[in-house]
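Reading through the structure tokens given below for one structure.
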Amino acid sequence: MASVRHVSHEFLARQGLTTVFGNPGSNELPFLAGLPDGFRYVLGLHEGAVVGMADGYAQATGRPVLVNLHAASGSGNAMGALTNAVASRTPIVIVAGQQVRPAVGPEANLANVDAPSLMKPLVGWAAEPACAQDVPRALAQAVFEAELQRRPTYLSVPYDDWAADAGENGLAVLDRSVRRGSAPGAELGRDLVERVTAAERPALVLGGDIDTAGLFDDAVRLAERLGSPVWAAPSQFRLPFPNRHPLFRGVLPAGIKPISDAFEGHDLVLVLGAPVFRYHEYLPGRYLPEGSRLLQVTEDASAAARAPMGEAVVADPGAVIGLLLEALGEGVRGAPVPGEDYRPAPAPAAGEGGRLHPEEVFAALRDEQPQDTSYVVESTSTSAAWWRQMDLRRPGSYYFPAAGGLGFGLPGAVGVALAQPDRPVVGVIGDGSANYGITALWTAAQLRVPLTVVLLRNGTYGALRWFGGLLGVPDAPGLDIPGLDFTRIAEGYGVRSRHVTGVEELRAVLAEQPDGPRLVQVDTALTTP
Ligand SMILES: Cc1ncc(Cn2c(C)c(CCOP(=O)(O)OP(=O)(O)O)sc2=O)c(N)n1
Ligand SMILES: [Ca+2]
């Protein structure tokens with residue numbers, strides 16, 4: 001007789017979900033019993049850190065990842081981090097423990113009284129199987145739904161199910177597979193090619209999906225063949241295009257009117273792999289300028305359905321890029337690019353009063369870090385400084401909390417470093433953000449993850465100061481965070497750290513590549529996003 005646990009572990013092994021991020025409670029122990037060889041359990045000290053690490057890991061590997069959380073209290077702690085994973089369309093599969101079925105109704109201790117409802121609408125699918133024999137099939141569905149929807153899923157399992165007999169059909173799930181090919185049909189493909197190649201002055205807007213789907217280099221080829229300017233979609237969480245490329249115009253501002261102004265004079269706006277659009281500041285205006293039409297291509301059907309304007313095609317952006325490259329051939333439509341150099345960065349602004357300007361910190365990273373470094377950034381007032389100084393030219397170079405939910409940065413950096421031990425990873429973390437995922441430092445120390453954390457200490461919630469000015473609340477309370485020393489906090493979690501005061505000292509420290517986790521704290525001047 002095969003147990004539910006044995007069949008479930010075997011299914012996960014065959015699907016490659018052998019790294020489990022988790023924080024256990026008693027309900028979860030029967031699932032964790034006898035994890036087979038080849039499985040790795042990555043312990044996070046808080047569920048927000050667990051999901052943040054899993055999010056970074058899944059984005060960097062491009063594969064679904066398993067998360068094991070404790071019933072209602074653990075699942076509830078994970079909600080904030082899940083908002084980012086939903087926005088970045090990360091396939092996280094959460095398996096949470098549950099009381100035994102007869103104890104749920106009477107609400108015994110650790111009963112998750114309405115488990116599937118607890119996690120909606122933050123997951124694309126949630127269930128609690130009606131009997132133990134349905135657990136392996138439901139686990140398979142949770143994995144396939146996460147992959148197909150590119151959205152977290154949630155499975156609640158009563159803890160006595162794992163030891164139960166999987167039943168006569170229990171092994172059937174082991175051979176299951178689900179694949180999808182979503183290239184547009186011949187007629188739709190021809191129509192798309194005609195629309196784009198007929199445009200006089202097309203503009204390209206690229207979303208984070210372009211980088212998560214490995215389409216970074218194809219997007220560069222397409223832009224250079226079209227000779228069209230390129231923007232990153234607003235509220236970006238990945239970099240879809242080299243940021244110093246001559247055709248790159250930057251990240252679209254997250255307001256209706258400034259986005260419309262940016263498209264002035266372009267008869268076609270082609271949006272690939274992004275929602276239309278993830279606005280932020282409310283800056284009303286026309287959605288598009290006179291004479292412009294918008295065409296969105298995304299695999300995210302709900303993003304296509306909810307867009308406020310334009311035409312949408314639900315298809316694989318990679319397949320559409322392939323059709324366009326084929327149609328455009330090698331010919332260059334007047335693109336100024338081939339042979340033209342990438343734009344150099346300006347001299348960094350200088351800090352004052354013993355504080356470095358963030359641009360000086362970023363220029364040091366640009367100059368001292370290897371070209372293929374992956375950066376996980378969560379410092380919310382320094383975006384403008386970041387893009388003025390950085391020169392990122394490779395896929396997988398940039399990660400940011402996709403829904404703006406703080407607490408992704410530090411855990412996400414640990415997750416990305418676990419996923420790519422041979423590629424340098426740097427976390428660029430604000431002194432405010434660091435506190436939302438600080439326990440990830442302990443996991444980094446325990447697993448000796450090669451990671452540099454650059455901690456920008458400006459003593460305040462800088463972005464909120466800026467928003468306060470924008471919203472006419474210049475003297476809002478609760479925006480100052482003085483007295484935090486992350487060198488001592490990091491040492492307490494087992495991560496070696498140091499405080500640096502000058503640019504030269506910072507550059508010298510960065511030049512030494514770490515063999516484990518380290519934190520470098522630097523006092524910075526306040527800037528605007
Ligand atoms: C989970 C969570 N809590 C609170 C916020 C609100 N918030 C907060 C608290 C910010 C300040 C972050 O401060 P920082 O030190 O990390 O970076 P800057 O000083 O560069 O802004 S930015 C922002 O949107 C949030 N986005 N997410
Ligand atoms: Ca700060």
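Just a few scattered comments:
- Normalised contact order of the chain, rounded percent, pairs of Cα under 8 Å and 6 or more residues apart: 14 percent
- Each of Leu418, Gly105, Gly353 was scored by the projection of its Cα onto the charge dipole of the chain, and the greatest displacement toward the positive side belongs to Gly353; charges sit on the C-beta of Lys, Arg, Asp and Glu.
- At R0 = 35 Å, FRET efficiency that the Cβ-Cβ distance of Arg190 and Asp217 yields, to 0.05: 0.90
- For the chain, size of Cβ-based charge dipole, Lys and Arg +1, Asp and Glu -1, in debye: 180 debye
- Relative protection proxy for 317-325, 273-281, 471-479, 84-92, from highest mean packing down: 84-92, 273-281, 317-325, 471-479 (other beta-carbon atoms within 10 angstrom).
- For the stretch 18-113, the carbon plus sulfur part of the accessible surface works out to 57%, probe radius 1.4 Å.
- Spatial separation of Cα centroids for the stretch 144-218 and the stretch 78-103, in angstrom: 19 Å
- Taking the protein heavy atoms of the stretch 361-435 in the context of the full set of protein chains, the accessible area attributed to carbon and sulfur is 45 percent at 1.4 Å.
- Note on the stretch 211-300: Cα convex hull, mean projected area over all directions, 5.8 nm².
- The sum of -39500 (n - 2.57) across all DSSP H runs of n ≥ 4, divided by the residue count of the chain, sets its helix-only mean residue ellipticity at 222 nm to -10000 deg cm²/dmol.
- Relative contact order (%) - criterion: Cα under 8 Å, at least six apart; region: the stretch 6-92: 34 percent
- Most to least accessible of Tyr436, Tyr159 (protein chains only, probe 1.4 Å): Tyr436, Tyr159
- Distance between the 7 Å Cα→Cβ label points at Asp480 and Met309: 4.4 nm.
- Kirkwood hydrodynamic radius of the stretch 233-387, Cα pairs, Å: 18.3 Å
- For the chain, DSSP calls about 5 percent of its internal beta bridges antiparallel.
- For the chain, the spread of Cα positions along the three principal axes, ordered from largest to smallest, is 68, 62, 44 Å.
- Volume per residue of the convex hull around the Cα atoms, evaluated for the stretch 402-502, comes out as 122 Å³.
- Efficiency of FRET from Cβ geometry, Leu283 and Leu32, R₀ 56 Å, rounded to 0.05: 0.70
- Convex hull of alpha carbon positions in the stretch 342-437: directionally averaged projected area 6.7 nm².
- Packing rank of 444-455, 188-199, 96-107, where each peptide gets the mean count of other beta carbons within 10 Å, highest leading: 444-455, 96-107, 188-199
- The orientation-averaged projected area of the convex hull spanned by the Cα atoms of the stretch 373-413 comes to 3.1 nm².
- Binning the alpha carbon pair distances of the stretch 261-312 at 10 angstrom intervals from zero yields the distribution 25, 53, 22, expressed in whole percent.
- Residues in the stretch 185-313 average 38 Å² of solvent-accessible surface per residue, probe 1.4 Å, ligands and nucleic acids excluded.
- Rounded FRET efficiency, nearest 0.05, which uses the C-beta distance separating Thr197 from Ala301 and R0 of 41 Å: 0.95
- Its residue count N fixes a reference of 2.2 N^0.38 Å for the stretch 26-151, and the Cα radius of gyration divided by that reference is 1.02.
- Relative to the compact-globule estimate of 2.2 N^0.38 Å, the Cα radius of gyration of the stretch 155-313 comes out at 1.35.
The values are calculated or read from the model by the stated rules, or taken from the named source; none is laboratory data. Because the structure is a prediction, the values reported are computed rather than measured. Virtual Cβ from ideal backbone geometry, glycine too; neighbours counted across all protein chains shown. Heads up: the accessible areas ignore ligands, DNA and RNA and are worked out on the full protein's heavy atoms, side chains in. Shrake-Rupley method; radii C 1.70, N 1.55, O 1.52, S 1.80 Å.
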